[in-house]
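First the structure, in the form of structure tokens, and then the observations on it.
The values are calculated or read from the model by the stated rules, or taken from the named source; none is laboratory data. Keep in mind it's a predicted model, so treat the numbers as computed, not measured. Glycine gets a Cβ as well: all are built from the backbone with ideal geometry, and neighbour counts include every protein chain shown. Just the protein is used for accessible areas: all its heavy atoms, side chains included, with ligands, DNA and RNA removed. Shrake-Rupley method; radii C 1.70, N 1.55, O 1.52, S 1.80 Å.
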Amino acid sequence: MENSEQERNFDAKLERNETIEPKDWMPDNYRKHLIRQISQHAHSEIVGMLPEGNWITRAPSLRRKMVLLAKVQDEGGHGLYLYSAAETLGITREELVSQLLTGKAKYSSIFNYPTLTWADIGAIGWLVDGAAIMNQVMLQRTSYGPYARAMVRICKEESFHQRQGYEIMMVLAKGSPEQKAMAQDAINRWWWPSLMMFGPTDEKSPNSANAIKWKIKRESNDQLRQKFVNQTVPQAEIIGLTVPDKDLVWNESKKGYDFGTPDWEEFYNVIAGNGPCNKDRLAARTKAHAEGAWVREAAQAFADKRKELEVI
Ligand code: FAQ
């Protein structure tokens, strides 16, 4: 087929809101864009296990420990579906992992902040998973089939994560004055980094134009950030906590909140590798990868043996 005809077919599929599948023709830049986004999403899930993993041994009760373990395992599962989705685009798992460990590929800025108290676990579930869902609900309708399908299950699990985080915050906010103060301190530290998760403002977002054109993203960074603020501020009020933004005010004409500007200098610093925990996070992943070498070797030996027996 002529390239232009292939391109017309591709555009027509997008126009009809049909998904693009691994064996379909796609423009090179569409493929590259997806590999970048899906792999960074996968890395975020895997690195995202670390801040909460830090509290598994110190969870305040057996129930809390079981829930947190399940949540952190879910994030590992999300990473695996997403790596598999990225692999359907013609890149290997080894290449993807190497891009993470050499610092070539990004992962979400949010996971470069430390989890200092138990309330941080509540704040991550409520705010970080809350922001993740806001973004991922739209990705269930993303144009690349394997990514869209992975998102359906991921969204179901993230919504349980969000509720468990909110419940932790609710219990702390109703507890002793010290517990309430700990919950407020957590929201003070996690609020702005959560808003940064949606990425730079629309006019400073170089990838958005193609993402929208190709129906990879269906809503812009700023639109999703606004929806997140509108949804989350009343949730904070219900449990008696406040959002650390002196510019926050309800705007009746837009039926949404006006809010302050995140510290974009901090954001760019964190994604350049200079956040509070970037070095620790990569060191932890590098160590885990090295310690898992024997598992990969054993799995490979098993696969080789099976192939050999199949040939006989
Ligand atoms: N952190 O042009 P844009 C989770 C980079 S949820 C780091 O606007 P785009 C669940 C961006 O990559 C978190 N880097 O880019 C969980 C680009 O750099 P590049 C993960 C960021 O792609 C919860 C540059 O800035 N979710 O893990 C960030 O159109 C709890 C310019 O930006 C996803 O990945 C950032 N926050 O929009 C797990 C969702 N923002 O690549 C454990 C899928 C931007 O050109 C515990 N991803 N950058 O070198 C997306 O929707 C998009 O990729 C955005 C960025 C919205 C993240």
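Tabulated data for the structure shown
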{"quantity": "Residue within segment 245-261 that is out of contact with any Pro (no Cβ under 8 Å at 6 or more places or on another chain), closer than 30 Å to Ile35 by Cβ and surrounded by 12 or more Cβ atoms within 10 Å (Cβ to Cβ) present", "calculated": "no"}
{"quantity": "In segment 90-114, the residues that are assigned to a helix (DSSP H, G or I), free of Cβ contacts under 8 Å to residues at least 60 places away in the same chain and not charged (D, E, K, R)", "calculated": "Leu96, Ser98"}
{"quantity": "Residue in segment 277-285 that is closer than 26 Å to Asn221 by Cα and free of Cβ contacts under 8 Å to residues at least 40 places away in the same chain present", "calculated": "no"}
{"quantity": "Positions within segment 113-127 being surrounded by 24 or more Cβ atoms within 10 Å (Cβ to Cβ) and within 14 Å of the ligand (Cβ to nearest atom), in sequence order", "calculated": "Asp120, Ile121, Gly122, Ala123, Ile124, Gly125, Trp126, Leu127"}
{"quantity": "Filter result for the condition that a residue is open to solvent by less than 40 Å² (accessible area, probe 1.4 Å), at pLDDT 95 or above and either farther than 23 Å from Gln136 by Cα or among the polar types (S, T, N, Q) (or both), over Arg281, Arg189", "calculated": "Arg281"}
{"quantity": "Residue, surrounded by the most Cβ atoms within 10 Å (Cβ to Cβ), within segment 128-143, restricted to residues that are over 24 Å from Pro234 (Cα atoms) and within 10 Å of the ligand (Cβ to nearest atom)", "calculated": "Thr142"}
{"quantity": "Test for Lys217: is it open to solvent by 50 Å² or more (accessible area, probe 1.4 Å), modelled with pLDDT of 95 or more and among the basic types (Lys, Arg)", "calculated": "no"}
{"quantity": "Per-region count, segment 1-46, residues surrounded by 15 or more Cβ atoms within 10 Å (Cβ to Cβ), among the polar types (S, T, N, Q) and within 16 Å of the ligand (Cβ to nearest atom)", "calculated": "4"}
{"quantity": "Sole exception among (1) open to solvent by less than 50 Å² (accessible area, probe 1.4 Å); (2) within 11 Å of the ligand (Cβ to nearest atom); (3) within 27 Å of Ala284 (Cβ to Cβ) for Met49, by number", "calculated": "(1)"}
{"quantity": "Positions within segment 192-249 being under 19 Å from Glu265 (Cα atoms) and not in a loop (DSSP other than H, G, I, E, B), in sequence order", "calculated": "Trp192, Pro193, Ser194, Leu195, Met196, Asp202, Glu203, Lys204, Asn221, Asp222, Arg225"}
